[in-house]
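Heads up, the thing below is written out as structure tokens.
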Amino acid sequence: MEDLQEVLEGIVEHVAPLCRDGAVASYIPSLGEISPEKFGICVAMADGEVYGAGDWQEPFSIQSISKVFSLALVMSYDYDSIWQRVSREPSGTPFNSMIQLEADQGIPRNPFINAGALVVTDRLLSLTGDAAGSIRGLLRLESGNPAVDIDAVVAASEADHGHRNASMAHLLASYGNLENPVDEVLAAYFNQCAIEMCCEDLARASLFLARHGVAAGGTPFLSPNQSKRINAVMLTCGTYDAAGEFAYHVGLPGKSGVGGGIVAIVPGRCAITVWGPSLGPNGNSVAGIAALDEFTTRTGWSIF
């Protein structure tokens with residue numbers, strides 16, 4: 001295999017022409033202002049080594065990647081009881097669709113579509129009293145960066161344009177699948193999605209999933225079985241209704257966000273973060289998926 005730093009630099013060069021394919025997430029106005037030509041990649045190894053290239057030190061809005069950490073926190077407090085309220089199946093529909101939610105009588109298909117994430121956030125709010133603050137605290141601790149924070153402008157922008165998420169929350173509440181007031185759940189959800197991190201911080205923060213649940217300090221955060229389960233749901237549901245294509249091309253558990261970030265896990269070896277703001281039709285970074293495809297091809301690091 002090539003030197004890992006050379007691999008990453010080659011990938012940045014390889015995907016540069018793709019950075020203008022797709023479109024930034026303009027339905028959240030503050031995200032629509034980001035240059036589509038940005039791209040960064042970082043690999044954080046389980047032994048502590050970190051490699052990066054491109055715009056890997058520039059903070060971006062992690063958006064739905066936060067759902068991985070809210071799920072991990074809920075499971076760390078409450079083991080597996082969340083699965084009584086959320087399923088683990090791919091949706092086959094857009095991440096913000098409400099069609100299945102009504103058909104399934106208020107039980108979301110998985111924790112990574114918006115409806116499922118609202119239920120997980122609701123449970124975390126019940127467990128901690130401050131869902132977004134708990135996620136921010138975990139990200140600060142695991143990344144080693146105490147400056148990780150919520151972008152208040154992005155959070156406000158999402159709240160001002162979050163009518164569909166509000167509709168989902170009210171529908172969940174109508175089926176008895178929210179424990180807290182809708183407004184409180186929505187506020188927590190918008191804040192967690194508006195957390196800003198760079199590729200390095202996010203890759204470091206995700207390493208517990210590569211270390212079978214072991215946190216940055218060397219103590220267990222999740223059991224190996226819980227870590228395995230989160231990785232499994234990331235593989236099957238982490239890139240919405242493009243999860244099959246992602247598994248086919250990349251071959252790793254991954255979670256995307258409409259801020260253009262994607263986290264991917266090589267169990268036992270490393271966590272990878274890519275960031276490219278231009279999104280394809282399924283809400284996933286075009287350059288990011290191409291970069292991860294190139295990475296697993298060049299390195300041979302895959303779960304298959």
Could you identify the single residue in Leu252, Leu279 that is free of Cβ contacts under 8 Å to residues at least 60 places away in the same chain and not small (Gly, Ala, Ser)?
Leu252
Subset of region 84-100 (residues that are modelled with pLDDT of 90 or more and closer than 20 Å to Gln192 by Cβ):
Arg85, Val86
Report the residue count in region 83-101 for those that are buried (at least 22 other Cβ atoms within 10 Å of the Cβ) and of a type in the set (A, V, I, L, M).
2
In this structure, does Phe246 turn out to be under 24 Å from Lys38 (Cα atoms) and either touching a strand residue (DSSP E or B) at 6+ places or on another chain (Cβ under 8 Å) or outside any helix (DSSP H, G or I) (or both)?
yes
Conditions first: (1) under 21 Å from Val74 (Cα atoms); (2) in contact (Cβ under 8 Å) with a residue 60 or more places away in the chain. Ser167 passes all but one, so which condition is the exception?
(1)
Of all residues in region 23-61, count the ones that are hydrophobic (A, V, I, L, M, F, W, C) and more than 30 Å from Gly268 (Cβ to Cβ).
6
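Each row is one residue, and each column tells you yes or no for (1) crowded, with 18+ Cβ neighbours inside 10 Å; (2) at pLDDT 95 or above; (3) more than 11 Å from the chain's Cα centre (by Cα); (4) among the aromatic types (Phe, Trp, Tyr).
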residue: Ala215; (1), (2), (3), (4): no, yes, yes, no
residue: Pro220; (1), (2), (3), (4): no, yes, yes, no
residue: Gln226; (1), (2), (3), (4): yes, yes, yes, no
residue: Asn231; (1), (2), (3), (4): yes, yes, yes, no
residue: Ala243; (1), (2), (3), (4): yes, no, yes, no
residue: Val263; (1), (2), (3), (4): yes, yes, no, no
residue: Cys270; (1), (2), (3), (4): yes, yes, yes, no
Leu178 vs. criteria touching a residue at least 24 places away in the same chain (Cβ under 8 Å) and in a helix (DSSP H, G or I):
no
For Lys67, the lone unmet condition from (1) among the basic types (Lys, Arg); (2) buried (at least 19 other Cβ atoms within 10 Å of the Cβ); (3) not in a helix (DSSP H, G or I) is (3)
Just for region 177-202: of the residues that are surrounded by fewer than 24 Cβ atoms within 10 Å (Cβ to Cβ) and of a type in the set (Asp, Glu), which one is nearest to Gly48 (Cα to Cα)?
Glu200
If I ask for residues that are more than 23 Å from Met197 (Cβ to Cβ) and outside any helix (DSSP H, G or I), which ones from region 284-304 would you list?
Gly300, Ser302, Ile303, Phe304
Among the residues of region 266-283, write down those that are closer than 21 Å to Ile11 by Cα, part of a loop (DSSP other than H, G, I, E, B) and either touching a Leu at 6+ places or on another chain (Cβ under 9 Å) or of a type in the set (Lys, Arg) (or both).
Arg269, Gly276, Pro277, Ser278
Pull up region 272-304, narrow it to residues that are among the β-branched types (Val, Ile, Thr) and surrounded by 24 or more Cβ atoms within 10 Å (Cβ to Cβ), then point me to the one that is nearest to Phe246 (Cα to Cα).
Ile289
Can you run down the residue pairs with Cβ atoms below 8 Å, 6 or more apart or on separate chains, where the first is in region 190-204 and without any contact (Cβ under 8 Å) to a residue 24 or more places away in the chain and the partner is in a helix (DSSP H, G or I) and among the hydroxyl-bearing types (Ser, Thr, Tyr)?
none
Is at least one residue of region 144-158 at pLDDT 95 or above, closer than 25 Å to Pro267 by Cβ and surrounded by fewer than 23 Cβ atoms within 10 Å (Cβ to Cβ)?
yes
Taking Val74, is it of a type outside the set (S, T, N, Q) and either part of a helix (DSSP H, G or I) or touching a His at 6+ places or on another chain (Cβ under 8 Å) (or both)?
yes
Any chance Gly261 is closer than 26 Å to Gln100 by Cβ and in contact with a Gly (Cβ under 9 Å, 6 or more places away or on another chain):
yes
How many residues are touching a residue at least 40 places away in the same chain (Cβ under 8 Å), part of a loop (DSSP other than H, G, I, E, B), closer than 30 Å to Ala159 by Cα and small (Gly, Ala, Ser) when one looks only at region 9-51?
4
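The values are calculated or read from the model by the stated rules, or taken from the named source; none is laboratory data. Fair warning: this is a prediction, and the values are worked out from it, not measured in the lab. Note that we place each Cβ from the backbone using ideal geometry, even for glycine, and neighbour counts take in every protein chain shown.
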